[in-house]
Amino acid sequence: DTEVTQTPKHLVMGMTNKKSLKCEQHMGHRAMYWYKQKAKKPPELMFVYSYEKLSINESVPSRFSPECPNSSLLNLHLHALQPEDSALYLCASSQGRQSSYNEQFFGPGTRLTVL
Amino acid sequence: GIQVEQSPPDLILQEGANSTLRCNFSDSVNNLQWFHQNPWGQLINLFYIPSGTKQNGRLSATTVATERYSLLYISSSQTTDSGVYFCAVFSVMIKAAGNKLTFGGGTRVLVKP
């Protein structure tokens, strides 16, 4: 099974709301990722968790707060977002740095609209 | 950081035609993946191909790591092949920190019936 699931599929929120995006994988992967994709652009890395620890933060604003409660789950907490944060948010996973096989598998994404 | 360039940016094909997409990268890589992004945004894994040649049905890919490029071949194209094709790489230099995948700009493919 190479499935990564994400919820919700769509999210509309106001600039004062707090919401969370969820990502789950059951492939035993130990690296998980958040990417942001604007329309007609490639995905851009936001965060990497390696063995449940944050290993890369690509200078993402603090209104985005990642969390990795366990090796299967990854959350992205959203607070006080701006309309320009509207995008497709993609979660991915891979085996992790201890493995030489590093293929990343992506979830279907959450399409976020900030009003 | 590593630069990834894809060409052409746009491609219009008649159903049944063959095509080649190219991905150039600026530094040594430890991993290269090809994805197809469908109209709903799902990134579908096509190939994990740090070097060599692989085939999967009508698709095949070749990576020449020493010359820093990869090619994706689509044969006998179908309308369902429409979408955006991305190549993505990560560098050996930051492997220890987690696998930072850098994407090319994509090739937008439209296959007409």
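Where a number appears in this text, it was derived from the coordinates with a stated rule and is not lab data. For clarity, every value in this text was computed on a predicted model and none was experimentally measured. Neighbour counts run over all protein chains shown; Cβ positions are idealised from the backbone, glycine included.
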Pull up the cross-link candidates among the aspartates and glutamates for B:Lys112, meaning alpha carbon to alpha carbon under 16 Å and not fewer than 8 places away within one chain.
B:Asp10, B:Glu15, B:Asp81
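Using the eigenvalues of the Cα gyration tensor, what equivalent ellipsoid semi-axes result for chain B when each is taken as the square root of five times the eigenvalue, whole Å, largest first?
Numbers: eigenvalues 123, 38, 28 Å².
Equivalent ellipsoid semi-axes, largest first: 25, 14, 12 Å.
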Using every alpha carbon pair in chain A, what percent of pairs falls into each 5 Å bin from 0 up to the bin containing the largest distance?
2, 13, 24, 26, 19, 10, 5, 1, 0
Excluding residues fewer than 8 places away in the same chain, name every one of the aspartates and glutamates whose C-alpha is closer than 14 Å to that of A:Lys36.
A:Glu44, A:Glu58, A:Glu84, A:Asp85
Gaussian network model of chain B, Cα within-10 Å springs - most flexible of B:Arg58, B:Arg22, B:Arg68:
B:Arg58
Can you pull out the cysteines in chain A that have no other Cys Cβ under 4.7 Å?
A:Cys68
Rg/Rh over Cα atoms for region A:14-65, Kirkwood Rh, comes to 0.99
The ³J(HN,Hα) series, computed from each phi in region A:60-74 with the Karplus coefficients 6.51, -1.76 and 1.60 at θ = phi - 60°, rounded to the nearest Hz and given as x for glycine or proline, is 7, x, 5, 5, 9, 10, x, 8, 10, x, 7, 5, 9, 10, 9
Total charge of the residues flanking B:Leu13 in space, meaning their Cβ is under 14 Å from its Cβ, with Lys and Arg +1 and Asp and Glu -1, is 0
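Please state, rounded to one decimal and in Å, the Kirkwood hydrodynamic radius that the protein assembly as shown gives when every pair of distinct Cα atoms enters the mean of 1/r.
Details: mean 1/r = 0.0554 Å⁻¹.
When all Cα pairs of the protein assembly as shown are included, the Kirkwood radius is 18.1 Å.
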